[in-house]
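Since the structure comes first, as structure tokens, the remarks are kept for the end.
The values are calculated or read from the model by the stated rules, or taken from the named source; none is laboratory data. All values derive from a computational prediction rather than experimental measurement. We place every Cβ from the backbone using ideal geometry, glycine too, and count neighbours over all the protein chains shown. Each accessible area value is taken on the protein alone, full model and side chains, heavy atoms only, with ligands, DNA and RNA left out. Shrake-Rupley method; radii C 1.70, N 1.55, O 1.52, S 1.80 Å.
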Amino acid sequence: MNSTTAAKLDLTAPPVVRIIAQRSLITGVLFGAVAVFLAFTRRDEFYRGYLLGFMLWLGVALGSMAILMIRHLTGGGWGMVIRRILGAAMRTLPLLAVLFIPMIIAVGQHRIYPWAMPLEAIRDTHIREHLEKHSFIKGDYLNFSGFWIRAAIYFAIWNLCSFLLSMWSRQTDRPGGPDNTQKFKAVAGPGLILYAFTISFAAIDWVMSLDPSWISTIFGLIILIGEMLSAICFAVVVERILFNYKPMSEMLKPDFVHDHGKWMLTFVMVWAYFSFSQWLIIWAGNLPAEITFYLKRLNGGWGWIALILPLFHFAMPFAILLSRPFKRDIRRLVWLAIWLMLMRFVDLFWIIEPNFSPTFKLTAADVVVPIAIGGLWMAYFFRNLGSMPLLPAYDPSAGEVMHPAHHHGGT
């Protein structure tokens, strides 16, 4: 962008960002106090709810980083207008690394993960027999030291990508800043590959290992695409909040909103494709090591959730997002984005909770703990969002947002 033009623009985040950060922090502290109480009185339920909440908000942060890297590789005003939103979400990864500590404690205390328990303490006879038969799983891969060392590697890789992308982005906020386009691409390409590998292994360690007798080669990709859907939906919610104020009210054009709606449609379809592929292959194979996952989730009341997900996580959003006028209207699109974030919670709940209860059960921790984590996470997010201009004004591609005549739509 022209330096003279950029100098005349006020790209700082509006005061509402600071207000939301304060209210989010209060919410996080209040619900956190209740969560601490649950941690002492209902410890197992607390750790289940904690894993649910942690995976939900980790998904927004990692999905934002992945979409940001896609934008650096492909370009486009659709990504520039939400670049600082995605970056602020990505920069919450240090907080999430700290918030992972209770999961390490859960393993150390022999909670929720069967492989971390003595064999005689495992209630599920199928899992106990499986671990007795395949002792290398319990001892060689799934063990306390391996669990936290691999987690440290995952967070180190994610935070390194976040640090580099954020550092180079800050350089484009001042006149005469360098053109870091090639640097962004140099990190984004390998970074996306590393993200796919690390989140796949993390999904195995943190979620799939709740039932060590079950395997699925596509499970990591289901978690990955769910994270990217959560991230684009969260970005739509935030841009709708900011749309009431400058500079977002001047930067956000219908073409960009349309592109965000198309990303939502894409991720909804891919999530449905991956989920159906897993179900079809496992059901057709009918192998004892695989079928138990769906047997648990189609009986005891869990089958209602299994019906809700294809209807309201896929069919309904898919039909709505086919409408071009709907995708171009941020005031309507935001409600679907909020709905899909709720469905992401339901999906993770359906994946995690049946490992512990043969019948449908929603505990207080399943609600309180995710809200507590979310309050703290959002306080940190909005703090990050307010710490930098909402547009890197001196980035060579900033003109795609400030001069929309050059934008042709399309993702």
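Observations on the structure shown:
- Test: residue in the stretch 363-374 that is in a helix (DSSP H, G or I), under 22 Å from Phe219 (Cβ atoms), touching a helix residue (DSSP H, G or I) at 6+ places or on another chain (Cβ under 6 Å) and of a type outside the set (Lys, Arg): yes
- Number of positions in the stretch 163-210 that are more than 16 Å from the chain's Cα centre (by Cα), over 21 Å from Gly87 (Cα atoms) and open to solvent by less than 30 Å² (accessible area, probe 1.4 Å): 4
- When Ile218, Ile308, Ile282 are screened for being in contact with an Asp or Glu (Cβ under 7 Å, 6 or more places away or on another chain) and β-branched (Val, Ile, Thr), only Ile282 passes.
- For the stretch 319-343, filtering for residues that are farther than 22 Å from Leu242 by Cβ and within 20 Å of the chain's Cα centre (by Cα) leaves 1.
- Checking each residue of the stretch 343-358 against the condition of being outside any helix (DSSP H, G or I) and open to solvent by 20 Å² or more (accessible area, probe 1.4 Å) gives at least one match.
- Screening Leu68, Leu160 for residues that are modelled with pLDDT of 95 or more and either open to solvent by 30 Å² or more (accessible area, probe 1.4 Å) or closer than 30 Å to Asp44 by Cα (or both) leaves exactly one candidate, Leu160.
- Residue in the stretch 152-171 that is of a type outside the set (Lys, Arg) and not in a helix (DSSP H, G or I) present: no
- Contact map, the stretch 358-375: residues that are of a type in the set (Gly, Ala, Ser) paired with residues that are outside any helix (DSSP H, G or I), Cβ distance under 8 Å, separation 6+ or inter-chain. Pairs shown: Ala364/Arg42; Ala365/Arg42.
- Any hit, the stretch 21-32, residues being among the hydrophobic types (A, V, I, L, M, F, W, C), under 24 Å from the mean Cα position of the chain (by Cα) and open to solvent by less than 40 Å² (accessible area, probe 1.4 Å): yes
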